Amino acid sequence: MSNRWSWQAIWALLRGCKGSQILATSSTAVKGALGEKEAKRHLQGKGFKIVKRNWRKGRDEIDLICLDGETLVFVEVRTRKDGALISGYHSIGPKKKRALLRVCKAYLRQARDICHYRFDVVEARWLPNENLTCLHYENVALFPNRSH
C-alpha cells in the first residue's frame, strides 16, 4: 500500500466519506477508526452519552466510555467484515481481556461516585455495499466474577 492511499483514507475518515476505492485501499487501523466512529454514532442514537473516546492507561486502552442513564458503560469496538468467520464478541482473546480488565479498573479507581457499571461490545460490520452496521452486545461477561 502506498502512502498516497493511506493519506487519502485518513482524509476521507476526517471528512466522513465512505468511497469504495478508499475503503478497498485503507489500512486496518483506518477501517477500525471508521468502525469506532460508527459505533459511537450508533450508541448516541440509542441515547448513550459519550464520556471518553480511546481512554488510555499505560499501554491499555478502552474504545468508548459512555453513560446509559446512570450506568457507566465500558465499550470495546470490534470491526469485522460481513463474512468474518469469528464474530467481534468471540474475537476478544485472553490477552485482550486482561488488558480491558486493567484499563477498566484504572478508570474506576480515578472516577468517583460510580455505583453501577457494565461492559458492552459493539461489532461494527462492513457490509458488501461498503456500509457499516452495528451489533450491540450489552452487559457481556468477559471477566471472572472475582474481578469486580
**OP:** Quick one: which residue in Leu142, Leu135 is hydrophobic (A, V, I, L, M, F, W, C), touching a strand residue (DSSP E or B) at 6+ places or on another chain (Cβ under 9 Å) and outside any strand (DSSP E or B)?
**Re:** Leu142
Subject >> Criterion: under 22 Å from Val30 (Cβ atoms) and not polar (S, T, N, Q) - qualifying residue of Lys105, Lys95, Lys52, Lys57 >> reply: Lys52
Original post:
Given (1) more than 20 Å from Cys134 (Cα to Cα); (2) buried (at least 18 other Cβ atoms within 10 Å of the Cβ); (3) modelled with pLDDT of 90 or more, where does Gln110 come up short, assuming only one miss?
Top reply: (2)
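The values are calculated or read from the model by the stated rules, or taken from the named source; none is laboratory data. As the structure is a prediction and not an experimental result, all values here were calculated from the model. Reconstructed Cβ throughout: ideal geometry from the backbone, glycine too, with neighbour counts over all protein chains shown.
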